[in-house]
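The values are calculated or read from the model by the stated rules, or taken from the named source; none is laboratory data. Note that the structure is predicted; figures quoted are calculated from it, not measured. A quick note on method: Cβ atoms are made from the backbone with ideal geometry, for glycine too, and the neighbour counts reach across all protein chains shown. The accessibility values were calculated without ligands, DNA or RNA, using every heavy atom of the protein model including side chains. Shrake-Rupley method; radii C 1.70, N 1.55, O 1.52, S 1.80 Å.
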Amino acid sequence: MAYIISALVWWYIALNRQNHQMAEYETIQLKKDYPGYLNEIEKIKSVEKAKTAQYTGEGSVFFLLIIAGAAFIYSAVRRQFKASEQQNNFMMGITHELKTPIAVTKLNLETLQKRKLEDSQQQRLIQNTIQEANRLNSLCNNMLLASQIEAGGYRITKEEVNFSDVVRNCVHDFTIRFPQRQLQDNIANEIYIEGDFLLLQMAINNLIDNAIKYSLKETAIIISLYLEGKQIKLSVEDEGKGIEDSEKKKVFDKFYRVGNTATKGAKGTGLGLYLTKKIAQQHKANISVTDNNPTGSNFTISFKNEGSRSE
């Protein structure tokens, strides 16, 4: 970059020097007793000034093009490095996310095989194995859906869905999987929307899973479904450490994870909220995150209430 700018400056100086020398040469060639001597001198000076202005204009244009090109390249390289870093973090996260349920499942099965356990112990190990298998299945579904959405290969299947039942069933599943967590629900009955059942279920699961990951065990998580004017709203509130205002929009980017130690220590791949936003967009809905009071985050998906049934 410095070399190119130096070459441009040298080119400008050299052309101006040449222009000045040509003007001096033409002036010397004139005879002072020539009747139009003064007029010719003025013409030579005018041509010299015009060429100087031309070189200055051309040099300025080239300089601006070089700066714009350098800025574009810098921005592109910076984005590439950022994307590469996020993908590396994703690979590290996904490796851990895949190995953990496999290791737990293997250990549980080996324990059942080698030891004679009481029925209650066997059921606890089996239940734990099923939870890890469900977790692995959810992770694989997220990865598969992300690749299909990126490739434009997923076609949404719309049907009338009892959204109240879907949300209620998701909360029930998480209550069984995480009996130590305080999951509270406030779900209006018989709310229906037009949408893809599997995608809606995945969006709800991602929001609840996200709240569980980034809040303490002793804090409550509130899942609400309600009508507000011409909108159907699904909200998931947690009492975690919250999200900085500068990062509220970034959390929906692919592979993005909030850059604090608490978040980095939690499990995750950076796909959940990205997919949730994509699912919301495919249902013509909006997703937002606000601060919960007194602490934590509140993720809300707002669907259009297109004559949905409710009680």
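Worth a mention:
- Qualifying residue in region 176-196 (condition: of a type outside the set (S, T, N, Q) and free of Cβ contacts under 8 Å to residues at least 24 places away in the same chain): yes
- For beta carbons closer than 9 Å, sequence separation of 6+ or different chains, a first residue in region 45-59 that is under 15 Å from residue 26 (Cα atoms) and a second that is surrounded by 12 or more Cβ atoms within 10 Å (Cβ to Cβ) and of a type in the set (Ser, Thr, Tyr), the qualifying pairs are 45/27.
- Enumeration of residues in region 208-222 that are within 17 Å of residue 164 (Cβ to Cβ) and assigned to a helix (DSSP H, G or I): 208
- Test result for residue 77, more than 22 Å from residue 146 (Cβ to Cβ), in a helix (DSSP H, G or I), at pLDDT 80 or above and over 31 Å from the mean Cα position of the chain (by Cα): no
- Residue 240 fulfils the conditions (1) at pLDDT below 85; (2) within 26 Å of residue 173 (Cβ to Cβ) except for a single criterion, (1).
- Of all residues in region 115-138, those that are more than 16 Å from residue 179 (Cα to Cα) have Cβ atoms under 9 Å from Cβ atoms of residues that are part of a loop (DSSP other than H, G, I, E, B) and open to solvent by 90 Å² or more (accessible area, probe 1.4 Å), 6 or more apart or on another chain, in 121/115.
For (1) modelled with pLDDT of 85 or more; (2) over 21 Å from residue 157 (Cβ atoms); (3) within 18 Å of the chain's Cα centre (by Cα), each residue gets a yes or a no:
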| residue | (1), (2), (3) |
| --- | --- |
| 199 | yes, no, no |
| 216 | yes, yes, no |
| 229 | yes, yes, no |
| 232 | yes, no, no |
| 254 | no, yes, yes |
| 279 | yes, no, yes |
| 287 | yes, no, yes |
| 307 | no, no, no |
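- Pairs where the first residue, in region 276-289, is open to solvent by 50 Å² or more (accessible area, probe 1.4 Å) and the second is of a type in the set (Ser, Thr, Tyr), C-beta under 8 Å, 6+ apart: 286/302; 288/300; 288/302
- Within region 8-34, residues that are more than 14 Å from residue 59 (Cβ to Cβ) sit with their Cβ atoms under 6 Å from residues that are hydrophobic (A, V, I, L, M, F, W, C), at 6+ positions apart or across chains, in these pairs: 23/44; 26/44; 27/44.
- Number of positions in region 1-23 that are open to solvent by 90 Å² or more (accessible area, probe 1.4 Å) and either of a type in the set (D, E, K, R) or in a helix (DSSP H, G or I) (or both): 6
- Residue within region 262-277 that is at pLDDT 85 or above, among the aromatic types (Phe, Trp, Tyr), closer than 24 Å to residue 139 by Cα and in a loop (DSSP other than H, G, I, E, B) present: no
- Selection status of residue 233, charged (D, E, K, R) and in a loop (DSSP other than H, G, I, E, B): no
- A count restricted to region 132-154 and to residues that are of a type in the set (S, T, N, Q) and within 11 Å of residue 271 (Cβ to Cβ) stands at 4.
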